[in-house]
1. Please specify each residue of segment 130-154 satisfying the condition of being open to solvent by 20 Å² or more (accessible area, probe 1.4 Å) and outside any strand (DSSP E or B).
2. Where residues in segment 64-97 are assigned to a loop (DSSP other than H, G, I, E, B) and over 22 Å from residue 121 (Cα atoms), which of them is nearest to the chain's Cα centre (by Cα)?
3. Any idea which of 127, 110, 157, 100 is among the hydrophobic types (A, V, I, L, M, F, W, C), more than 15 Å from the chain's Cα centre (by Cα) and part of a strand (DSSP E or B)?
4. Tally time: how many residues in segment 113-124 are open to solvent by 30 Å² or more (accessible area, probe 1.4 Å), touching a residue at least 24 places away in the same chain (Cβ under 8 Å) and within 15 Å of the chain's Cα centre (by Cα)?
5. So which of 55, 30 is at pLDDT below 95, of a type outside the set (A, V, I, L, M, F, W, C) and out of contact with any helix residue (DSSP H, G or I) (no Cβ under 7 Å at 6 or more places or on another chain)?
6. Mind checking which residues of segment 30-63 are open to solvent by 40 Å² or more (accessible area, probe 1.4 Å) and either in a strand (DSSP E or B) or touching a His at 6+ places or on another chain (Cβ under 7 Å) (or both)?
7. Mind listing whichever residues of segment 71-93 are under 20 Å from residue 2 (Cα atoms) and surrounded by 11 or more Cβ atoms within 10 Å (Cβ to Cβ)?
Amino acid sequence: MVKFGLQFKATLENVTNVKPLGDDFRWFLKLKCGNCGEIPDKWQYITQVESVPLKGGRGSASMVQKCKLCSRENSIDILGDTITPYNEENSERFKTMVQFECRGLEPIDFQPQAGFAAQGAESGTKFPEVNLLEKDWTDYDEKVNESVGIYEVTHQFIKC
């Protein structure tokens, strides 16, 4: 079993505390089979609320899947206690946002979508519906009369 960290990087404008909202947040990933190297074309998502038992009573995981090419059973689990927000002081630097525990799989790509939240850096205004699918998001903070935004969203995976 190997742990992979999803590192998030963005340019923040007048916002902080960017994070996934709720245990039902969908992490959209592309996963590579560690046995044969197969990478499915479709995005797959995992959430903390879904839990599937592992064969042989070895616990559970967020997702268990059988590789279409080699038929090996692989799993990935979200380590919920590793989820951390991306803050203003992290702007334009990579920071690990979450870790995944993988058995036979390796995450190779991430697609941010809806379900993120942020707050105004000075005002504390809550922005509960941040969609990062376009890799950019903008809004307006009426408390301080300033535009807010998250730009140039990118990511990388590291072994932990």
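The values are calculated or read from the model by the stated rules, or taken from the named source; none is laboratory data. These numbers come from a predicted model, not from an experiment. Note: ideal-geometry Cβ built from the backbone for every residue, glycine included; neighbour counts use all protein chains shown. Accessible surface areas use protein heavy atoms only, side chains included; no ligands, DNA or RNA. Shrake-Rupley method; radii C 1.70, N 1.55, O 1.52, S 1.80 Å.
1. So the first thing to find is which residues in segment 130-154 are open to solvent by 20 Å² or more (accessible area, probe 1.4 Å), and the list is 131, 133-140, 142-147, 151-152, 154.
If the condition is that a residue be open to solvent by 20 Å² or more (accessible area, probe 1.4 Å) and outside any strand (DSSP E or B), then 131, 133, 134, 135, 136, 142, 143, 144, 145 are the ones that fit.
2. Initial filter on segment 64-97 (assigned to a loop (DSSP other than H, G, I, E, B)): 67-72, 83-85, 87, 91-94.
Right, trim to over 22 Å from residue 121 (Cα atoms) and you get 67-72.
Details: 67: 22, 68: 24, 69: 26, 70: 27, 71: 27, 72: 25 Å.
Only one residue tops the list, namely 67.
3. Details: 110 fails: more than 15 Å from the chain's Cα centre (by Cα); 157 fails: more than 15 Å from the chain's Cα centre (by Cα); 100 fails: more than 15 Å from the chain's Cα centre (by Cα).
None of the others qualify; the one that does is 127.
4. 1
5. Details: 30 fails: at pLDDT below 95.
Unique residue meeting the criteria: 55.
6. Within segment 30-63, the first condition is being open to solvent by 40 Å² or more (accessible area, probe 1.4 Å), and the residues that meet it are 30, 32, 34-36, 38-39, 41-45, 48-53, 55-60.
If the condition is that a residue be open to solvent by 40 Å² or more (accessible area, probe 1.4 Å) and either in a strand (DSSP E or B) or touching a His at 6+ places or on another chain (Cβ under 7 Å) (or both), then 30, 32, 44, 45, 52, 53, 60 are the ones that fit.
7. Within segment 71-93, 72, 73, 74, 75, 76, 77, 78, 79, 80, 82, 83, 84 qualify.
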